[in-house]
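Working notes for the structure below.
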Amino acid sequence: MSRPLNYAMLKYFTTVDEACVDDVMEALKGEYASRRAFTRDEMTSALMTAEKNGLIEESRIDLDSHDDLLVYYRATEEQKQSINSYIK
Amino acid sequence: MQGAATADARHELALEKKRKLDQSFLKKGLMIALYSGITYGLYSAFIMAAQTQGVWADWMGTLEASSFLVVFILPTIATALNDLFSAVWALLLTAKQGKLGDFIQTFRSKPGIIMVAAALVGGPIAGAAYVIALSMAGPIVTPIAALCPAIGAILSRFLFKQPMGPRVILGILICVFASGMIGFTGLTGALGPGVVPGLLLAFIAALGWGIEGCIGGFGTSMIDPQIGITIRQVTSGSVNLIIILPLLTLFGGGDLAITYQCVGQAFADIPSVFFFVASGFFAYTSFSNWYRGNSMCGTALGMACNGTYSFFVPLCSWIIIGLIMGIEGFALPAIAWIAALVMVAGITVIAVNPLDFLKKKGE
């Protein structure tokens, strides 16, 4: 059985330098696309909540080709350790 | 040159969009946290209304008001019933959202265990401490219990390094003062016999709720809020019924058979069960939004918004029990309205940095 979606999102940041919500969705769609919470809005909200609580941090912002906002997040070494200590 | 200008313009646009995203996230968090305060008022009103119905009305009419059963056991049964119905609501909605598998997995994980601990401290432990404090010292304990937002904010400052400058401290103090204004209206000058231990227990309750708000909010940054609240209510409901209730009975020298006979009668009492089903639904809504609001706004602001329950509890009780059910004794004191305005001022002080406005105007 796969991890809960929120756990998988946080775990993903321990494996990459940085990612925006679209990167996270792309990486997790194989296992999680059928989940009800697998929407851009819900996952954006989950990432912002994680950032607000210091589990990840914002690395940069950009615009895509449609001028939609892309917010990139990353986990510092300390944050990666913290995520790994909570989620096995 | 033109390329650099275009890049600058795109960066400015990105910054503007990010500012709007942050604002809408904060507004959403504020609404969620305030909604938790309103639904706490509804939950409290329905749980009080339930205790005016059926077998509860019989108990209140025939049993000695200061008896151990009335003061300690019946309120704990009411809380257990409410939390169990709340757990059923949470489980049903978790199943409807297809998250039961995640719920079981989360329960066994470290964040899930932390959530169970937060639920234990804030649910059965703080709840029982508050019920006993009320009976020992009287309504004077209410303003002490209202310290919980301040305690939650202080704990979050130290545990999770959440920011807490002088402006936030001032806002929290204003909100605590406002809650105290309403709490003190319950004072009649007649203090209960155990004032000092009562106040100590009320502080333990405030500490428990502060810990729950702080830890539950952080937990919800890792756990889906729907799953978080399901863990909370399942834990609280079952521990109240299986552990707290027999412990209280035995410590008070009561009879376990009578206690569980009351539980059985309460479960089978259709008129009051309808009210407990409603109170359970609003408890589910209130606590899930409390955790979620705290995780989105930070504990200080989230708990200050949730603390508006000090106003919404008497307001909802007056509307539901006083106006709709026609039971006397639930009129809303005028000071509650004044305190509500003071609370809004306190929340605004926490939420809005006047310097941000000045900066925007200067831009």
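The values are calculated or read from the model by the stated rules, or taken from the named source; none is laboratory data. Remember, predicted model here, so these are calculated numbers, not experimental data. Note that we place each Cβ from the backbone using ideal geometry, even for glycine, and neighbour counts take in every protein chain shown. Just the protein is used for accessible areas: all its heavy atoms, side chains included, with ligands, DNA and RNA removed. Shrake-Rupley method; radii C 1.70, N 1.55, O 1.52, S 1.80 Å.
Worth pointing out:
- Rounded to 0.05, the FRET efficiency of the B:Phe177 and B:Leu250 pair, given R0 = 56 Å and the Cβ-Cβ distance, is 0.90.
- A:Leu70 long-range amide H proximity, modeled H, under 5 Å: A:Asp62, A:Leu63, A:Asp64
- Take B:322-328, B:128-134 and order them by the average number of nearby Cβ atoms within 10 Å per residue, most first; the result is B:128-134, B:322-328.
- Counted charge near B:Gln261, where neighbours are those whose Cβ lies closer than 15 Å (Asp, Glu -1; Lys, Arg +1): -3
- Charge tally around A:Lys88: other residues with Cβ under 11 Å, Lys/Arg +1 each, Asp/Glu -1 each, net +4.
- Rounded to 0.05, the FRET efficiency of the A:Ser59 and B:Gln265 pair, given R0 = 51 Å and the Cβ-Cβ distance, is 0.25.
- Straight-line reach from B:Lys27: taking Cα to Cα under 18 Å and skipping same-chain neighbours fewer than 8 places apart, the aspartates and glutamates in range are A:Asp41, A:Glu42, A:Glu51, B:Glu16, B:Asp356.
- 3J(HN,Hα) along segment B:20-26: 5, 4, 4, 5, 5, 5, 5 Hz, from the Karplus curve 6.51 cos²θ - 1.76 cosθ + 1.60 with θ = phi - 60°, whole Hz, x for Gly and Pro.
- Cα centre as origin, Lys/Arg/Asp/Glu Cβ charges: segment B:1-147 dipole, Debye: 700
- Listed residue pairs exceeding 26 Å between alpha carbons, taken from B:Lys28/B:Lys161; A:Lys52/B:Lys99; B:Lys18/B:Lys110: B:Lys18/B:Lys110
- Using θ = phi - 60° and Karplus 6.51 cos²θ - 1.76 cosθ + 1.60, couplings along segment B:82-87 (whole Hz; Gly, Pro as x): 4, 5, 5, 5, 5, 5
- The amide H of A:Phe38, built 1.01 Å from its N in the peptide plane, has no neighbour under 5 Å, considering only residues 5 or more places off or on other chains.
- Net charge contributed by nearby residues that have their C-beta within less than 14 Å of B:Ala49 (K/R +1, D/E -1): -2
- The protein assembly as shown - charge dipole about Cα centre, Lys and Arg +1 at Cβ, Asp and Glu -1, debye rounded to 20: 280
- Percent carbon-and-sulfur accessible area, segment A:5-86, ignoring ligands, DNA and RNA, probe 1.4 Å: 41
- Think of each Lys and Arg Cβ as +1 and each Asp and Glu Cβ as -1; about the Cα centre, that makes the dipole of segment A:5-86 roughly 460 debye.
- Estimated distance in nm for a label pair at B:Leu341 and A:Thr39, the labels positioned 7 Å out from Cα along Cα-to-Cβ: 4.0
- If you plug the beta carbon distance of B:Arg10 and A:Lys29 into 1/(1 + (r/R0)^6) with R0 = 25 Å, you get a FRET efficiency near 0.35.
- For the protein assembly as shown, with +1 on Lys and Arg beta carbons and -1 on Asp and Glu, the positive-most of A:Ser34, B:Phe160, B:Thr249 along the dipole: B:Phe160
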